[in-house]
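Engineer: One structure is given below, represented as structure tokens, and several questions about it will come after.
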Amino acid sequence: MLAIIGGSGLYSLGDDFELQQQADRDTPCGETSADILQGKWQDVALAFLPRHGPDHKIPPHRINYRANLWALKNMGIKHIIAVNAVGGISTDMPPLTLAVPDQIIDYSSGRENTFFDGDDTLVKHIDFSWPYSAQLRGIITEVGLQLGQPLVAFGTYGATNGPRLETAAEVERLQADGCTMVGMTGMPEAALARELEIEYACLALVVNWAAGIEDRTISMQEILANMERGMHQIKPLLLGAARLVQK
Ligand code: HPA
């Protein structure tokens, strides 16, 4: 069964999601962002968790990523598609682009970023050379092809701390580092999933040009409008991917 972690703009799957079970928010790592909803979306079984909470009250740096991942693992989840709103940096990433990044650079700080912090567990170092699941990335791009939905199949996600957006100089630095998109929630989520041996991929929706790419300030209204429009394109992709994972 696939789990979807919804980002900004994706707080529910809609009326055609039939709830069957709800997992408790309490975990040994604290509370999850919301109840994890398990049920059927049309003909497909899946689980759903909105990472900012059901009404978007949890900012990126205060999300309990460990509780969220722990609870999903505890439910037996082996595959996660994470939906993340991002700012576009490279020229192939204008607003409303959908992308499946293959790399991450982590600029976040002060977040609980491991299950192996040495208190009562053995120190463990995971391989993270390719941070996303090749299998799930393949599934998403295959569904994109089937649906005729254009997707950028590669990219490097720069994970900043937020909640403010970046300065133009910071985005220039991200660009020089090789980031093609920037968001605030990609890490430590991806690394925690790897620690728990969960197949994990990111489906990123570009909702604005990153700071300084255009010679104007970033409009929050435009971001919200793009989120709303983009999420309509994302849902059929998620449904198709959930079907393939179920097979
Ligand atoms: N920067 C960081 N996170 C984001 C952005 C951005 O420009 N847009 C959406 N999430």
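Engineer: For region 135-146, what does the Karplus curve 6.51 cos²θ - 1.76 cosθ + 1.60, with θ = phi - 60°, yield as ³J(HN,Hα) per residue in whole Hz, taken in order and with x for Gly and Pro?
Structural biologist: Calculated HN-Hα couplings, in order: 4, 5, 4, x, 4, 5, 5, 4, 5, x, 4, 4 Hz.
Engineer: Which value at 222 nm does the chain reach when only helices count, each DSSP H run of 4 or more adding -39,500 (n - 2.57), with the total divided by all residues and rounded to the nearest 500 deg cm²/dmol?
Structural biologist: Values: 5 runs with 68 residues, N = 247.
Helix contribution divided over all residues of the chain: -9000 deg cm²/dmol.
Engineer: Which one of TRP209, LEU145, THR160 has its Cα pushed farthest toward the positive end of the charge dipole of region 127-247, where Lys and Arg give +1 and Asp and Glu give -1 at the Cβ?
Structural biologist: So the residue we want is LEU145.
Engineer: Just MET75, MET227, MET181 to compare: in a GNM of the chain, with alpha carbon springs under 10 Å, which one fluctuates most?
Structural biologist: Comparing MET75, MET227, MET181 in the GNM, the peak value goes to MET75.
Engineer: Identify, among ALA82, LEU239, ILE36, the residue whose Cα sits farthest towards the positive end of the charge dipole of region 2-246, taking +1 on the Cβ of Lys and Arg and -1 on the Cβ of Asp and Glu, with the dipole about the Cα centre.
Structural biologist: Toward the positive end, the furthest listed residue is LEU239.
Engineer: Within region 2-246, what is the number of lysine pairs with alpha carbons under 27 Å apart, leaving out pairs fewer than eight places apart on the same chain?
Structural biologist: Close lysine pairs under the 27 Å cut-off: 10.
Engineer: For region 52-82, run through the trypsin sites (Lys or Arg not before Pro) and keep only the ones in DSSP coil with at most 13 other Cβ atoms within 10 Å of their Cβ. All intermediate terms of the calculation are to be shown ahead of the outcome.
Structural biologist: On the way: sites: LYS57, ARG62, ARG66, LYS73, LYS78; in loops: LYS57, LYS78.
Sparse-neighbourhood loop trypsin sites (Lys or Arg not before Pro): LYS57.
Engineer: Out of the GluC sites (Glu not before Pro) in region 156-247, which ones are loop residues according to DSSP with at most 13 other C-beta atoms within 10 Å? Write out the running numbers ahead of the final one.
Structural biologist: On the way: sites: GLU166, GLU170, GLU172, GLU189, GLU195, GLU197, GLU199, GLU214, GLU222, GLU228; in loops: GLU166, GLU197, GLU214.
Filter output for region 156-247: GLU197, GLU214.
Engineer: How many Å³ per residue does the convex hull of the Cα positions in region 83-208 occupy?
Structural biologist: Value for region 83-208: 104 Å³ per residue.
Engineer: A follow-up question, please. Given axes a ≥ b ≥ c from the Cα gyration tensor, I'd like to know whether region 1-146 is rounded (a/c under 1.5), prolate (a/b larger than b/c) or oblate.
Structural biologist: rounded
Engineer: Another one. Sequence gap at least 6, Cα distance under 8 Å: using those rules, report the relative contact order of region 2-246 to the nearest whole percent.
Structural biologist: Reported as a whole number, the value is 27 percent.
Engineer: A further question follows. Which whole-number percent is the relative contact order of region 127-247 (Cα, under 8 Å, 6+ apart)?
Structural biologist: Result for region 127-247 is 32 percent.
Engineer: Whose amide H sits under 5 Å from the amide H of ALA3, counting only residues 5 or more places off or on another chain, with H placed in the peptide plane?
Structural biologist: ALA47, HIS79, ILE80, ILE81
Engineer: Please list the non-local residues whose amide H lies under 5 Å from the amide H of ILE104, H modeled 1.01 Å from N, same-chain partners needing a gap of 5 or more.
Structural biologist: The list, which skips near neighbours in sequence, is TYR157.
Engineer: Which value, to two decimals, describes the C-alpha radius of gyration of region 2-246 once divided by 2.2 N^0.38 Å?
Structural biologist: Numbers: Rg = 16.9 Å, N = 245, 2.2 N^0.38 = 17.8 Å.
Output field value: 0.95.
Engineer: Are there any trypsin sites (Lys or Arg not before Pro) in region 161-232 that are in a DSSP loop and have at most 10 other Cβ atoms within 10 Å? List them by number.
Structural biologist: ARG164, ARG216
FYI, it's all coordinate maths here, none of it is from the lab. Please read these numbers as outputs of a predicted model, since none were measured by experiment. Cβ: placed from backbone, ideal geometry, glycine included. Neighbour counts: every protein chain shown.
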